Structure formats: structure tokens, C-alpha cells
Amino acid sequence: MTRPRLAWGLFWVAFFLVPTTVTAFSELTEAERAGRDLAAWKPFVWEYTSATGSLLTIPVLMALHRRTMAAGTTLPAFLGLHALGCLFYFAVHVGTMVALRHAIYALAGDGYDFGDPARELLYEFRKDLPTYAAIVLVLSVARLLAGLGHRAATADAEAPAGVQPLDGGPVELRIGSRRLYLAPDEILWLKAAGNYVEVSAQGAVHLVRRPLADLLAELPAGRFVRVHRSFAVNRGAIARIDSKPSGDMVLCLRDGTEVPASRRFREALLSPAGA
């Protein structure tokens, strides 16, 4: 296991187990104060089975979050993916929790009663909504910080091998009645969108009415490369390239964005800039 994965694993274990442990002890204290007879093991079974169900969803939710942050994801697709993610979290969390409780209670010679399904499922879903939102918030903040860290670490670094230093002045983008002037290194990726081009720069996506080829012609030769029928990227913004069995690729940029790359453009992408 790589260090980042190990760190993420430890973080999520602490994220779920620390509060559930505190809650279990609180439930024992409240039962004692109320004079209720409560076996000491039961609150820990309740809380730890819930935490286990949540932990099982994390790998899928992390992959889904990366998909929602991919370049070109529309708002309906973004909302739809998170709706599916929330339902997935709810189903796995509650299903695992209830199954484990039944099994553990049976081993202890006891029986577990989930209660009225309609009422209890609605109750669990209301609790799972803010938990899912908290998971998404953690992943979003982590991605933002990772992007800022990458940019800070490479701000004063030399250009990567094969990439020529930036030349020329700022690029002019006409956005409606406005004119925006960007230094080439501020642009991360470009996407053709019909008669327009989406330009990702300065933490925003700008819609410019002009062909992608024309805009690429104004950018420093070798610094920007066409990677897909619809996409071009700044070579200096690429943090990692993941290859697929088909030969296609996914470019992971330093701000956390993922851009699709076609095998048709593989040679141009991987060859030294300007070669």
C-alpha cells in the first residue's frame, strides 16, 4: 500500500471510529443515569457496525468523487452522480450494519430487532444525508489543497524536460462584452463545445466563441497539446497519466481535474514538446 493510500485509510478509520467510540461510551453513561439495564457490549456493537458499513463505501465514493470532478462534467451529471452516491452509501451502510448486528447478537445468544422498517429506514436515511455530505466535503477540500500544493511546489521549478519556457504575451479571450487577458501558464485545459471553447483558468471555466484550433495557434508551441478530439491541455499542468487497456488515457492535472485523452493523440502527448 502506498503512503497516500495508507494515510487516507487511517484518516477514514479515525473519521468514523473516533466519534462512534465516544457515542458508545455516552450511551452507556446515559443508560446508567436513567437506571436502564444495558449490556456494556451493545452500544459498541451498534456504533462499530455502523462505522464498518460506512468504511466499506469509501473506495467507491472516492472514485465517484473523482468522476464528478472530471473536466466536462455537466451540472445534471454532477447532481445525478451524487444522488446515486448517496443512495449507494445509504444501502451499503444500513445493509452492512443490520447484517452484522444480527450475526453478532446471534453469537451472543440474543436477538436483534431493527424495528419498523419504514420508520427506521427513513430515520437512517435522514442521518446518512449529512454524513454523505461530510464525506464529499472532505474529499473536495483534500482535492483543492492538493491542487494548491502542487501549484506552489512547481511555481518556481524549471520547466519539465522537453518543454520550452513560455514565450509571448498574454492571450486575449473575448467573453461577451468583456476581454480577459491570461498568461499562457494560467490556462490548464481547453475543450471544444460546438462553436465555443471552454477555457479553464484562474479557478473558473470561461466560454469563448471561437474554434479550438485557432485558440491553440495563439498559445506557445509545444506547451499545449491536443489530447482528444475535444480537449487540449497545458503540459505543465499534468501531474499523472493513467493508461487504459484500450490505449486511451486519463490525464490527472495538478488541480485535481481529470481529462480524457485518446490513443490517437498518444504519440503527440508523450513525445518531447515541439518534436
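The values are calculated or read from the model by the stated rules, or taken from the named source; none is laboratory data. Note that the structure is predicted; figures quoted are calculated from it, not measured. All Cβ positions, glycine included, derive from the backbone under ideal geometry; neighbour counts span all protein chains shown. These accessible areas exclude ligands, DNA and RNA; they are computed on the full protein's heavy atoms, side chains included. Shrake-Rupley method; radii C 1.70, N 1.55, O 1.52, S 1.80 Å.
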Cα-centre dipole for segment 103-144 with unit charges at Cβ (Lys and Arg positive, Asp and Glu negative), debye to 20: 360
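Can you give me the % of accessible surface on the chain that is carbon or sulfur? Probe 1.4 Å, all protein chains present, nothing else counted.
Numbers: 9550 of 15850 Å².
Exposed carbon and sulfur together represent 60 percent of the surface.
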Relative pair counts by distance (%), Cα atoms of segment 236-275, 10 Å bins: 30, 55, 15
At 7 Å along the Cα-to-beta-carbon direction for both R179 and E120, put a label point, then send me their distance in nm to one decimal. 6.8
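Test of understanding: what is the full-extension gain from F25 to L144, defined as 0.36 nm times their sequence separation minus their Cα-Cα distance? Walk me through the numbers on the way to the answer.
Numbers: separation 119, 0.36 × 119 = 42.84 nm, distance 3.54 nm.
Here the segment from F25 to L144 would lengthen by 39.3 nm.
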A correct Stokes-Einstein calculation for the chain, using the alpha-carbon Kirkwood radius, 10 °C and 1.306 mPa s, returns a whole-number D in µm² s⁻¹ of 71
Taking the Cα atoms of segment 19-105, report the difference between the largest and smallest coordinate on each principal axis, in whole Å and largest first. 58, 25, 17
Working out 0.36 nm times the residue gap between A77 and A134, then minus their Cα-Cα distance, what length gain in nm do you get to one decimal? 18.5 nm
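What does the highest-first list of 220-233, 56-69 look like by mean Cβ count within 10 Å? Mind showing how you got there, number by number?
Numbers: 220-233: 20.0, 56-69: 16.2.
Highest-to-lowest ranking by the protection proxy: 220-233, 56-69.
Rounded to the nearest 500, what is the 222 nm mean residue ellipticity of the chain from helices alone, with -39500 (n - 2.57) per DSSP H run of 4+ residues and division by all residues? Write down the numbers at each step before the final one.
Working: 6 runs with 142 residues, N = 275.
Mean residue ellipticity, 222 nm, calculated: -18000 deg cm²/dmol.
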Taking H placed 1.01 Å from N in the peptide plane, check which residues at least 5 places from V225 or on another chain put their amide H under 5 Å from its amide H. V233, R235
Cα extents of segment 22-62 along the three principal axes, largest first (Å): 43, 14, 9
Would you please give the FRET efficiency between A106 and A63, computed as 1/(1 + (r/R0)^6) with r the Cβ-Cβ distance and R0 = 45 Å, to the nearest 0.05? 0.85
If you count only protein heavy atoms with a 1.4 Å probe, what accessible area per residue comes out for the chain, rounded to a whole Å²? 58
Using only the alpha-carbon atoms of segment 62-118 as identical scatterers, what base-10 log of I(q)/I(0) does the Debye formula give at q = 0.19, 0.21, 0.31 Å⁻¹? -0.72, -0.79, -1.17
